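K.L.:
Got a structure for you, written out below as structure tokens; questions coming shortly.
The values are calculated or read from the model by the stated rules, or taken from the named source; none is laboratory data. Predicted model, so just to flag it, every value in this text is computed and none were measured. Cβ atoms come from the backbone with ideal geometry, glycine included; neighbour counts cover every protein chain shown.
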Amino acid sequence: MKRMTILGVLLIFLAVIITPTLNSYLQQKHQIGQLGAQVKQQQGDVSTKQTELKKWNSDSAFVKQQARDRLGFVTPGQTLTVLVDENGKAVGTVDPAGKKISTNPWYGQVWQSVVAANRGDKK
């Protein structure tokens with residue numbers, strides 16, 4: 001009977017010692033799994049950005065198209081056409097990706113960004 005009591009006390013003592021360590025281990029293992037998933041997602045984002053950067057660096061037609069669409073630039077000899085409503089304001093359109101194209105010139109967009117940042121707006 002004395003041996004059973006000593007064994008029982010020893011098992012309880014080991015359980016008290018091991019439980020926090022085991023709990024900490026399991027939490028860290030879960031956190032490592034979450035961080036691994038986050039790393040994979042960020043690696044995917046990086047590869048997407050690298051592909052986009054290669055397109056910007058290697059395809060001059062793409063850069064010209066972006067300058068035309070985003071900034072309203074045209075090459076010499078081309079005519080820029082801006083659609084306006086009955087009030088004389090430029091009409092915004094939607095690009096193929098579904099985003100609204102701003103009717104402001106690029107410097108107006110920059111200024112609106114500064115104003116929005118100053119107000120703390122999040123878009």
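K.L.:
Scan the range 69-81 and report the pairs whose first residue is touching a residue at least 24 places away in the same chain (Cβ under 8 Å) and whose second residue is among the small types (Gly, Ala, Ser) and assigned to a loop (DSSP other than H, G, I, E, B), with Cβ atoms within less than 9 Å and a gap of 6+ or a chain change.
P.N.:
70/102
K.L.:
Checking residue 55 against (1) basic (Lys, Arg); (2) under 30 Å from residue 107 (Cβ atoms); (3) modelled with pLDDT of 95 or more, only one condition comes out false. Which one?
P.N.:
(3)
K.L.:
Being over 24 Å from residue 110 (Cβ atoms), surrounded by 10 or more Cβ atoms within 10 Å (Cβ to Cβ), of a type in the set (Ser, Thr, Tyr) and without any contact (Cβ under 8 Å) to a residue 24 or more places away in the chain: is that true of residue 21 here? Before the answer, list the steps.
P.N.:
Numbers: over 24 Å from residue 110 (Cβ atoms): yes; surrounded by 10 or more Cβ atoms within 10 Å (Cβ to Cβ): no; of a type in the set (Ser, Thr, Tyr): yes; without any contact (Cβ under 8 Å) to a residue 24 or more places away in the chain: yes.
For residue 21, the condition - over 24 Å from residue 110 (Cβ atoms), surrounded by 10 or more Cβ atoms within 10 Å (Cβ to Cβ), of a type in the set (Ser, Thr, Tyr) and without any contact (Cβ under 8 Å) to a residue 24 or more places away in the chain - is not met.
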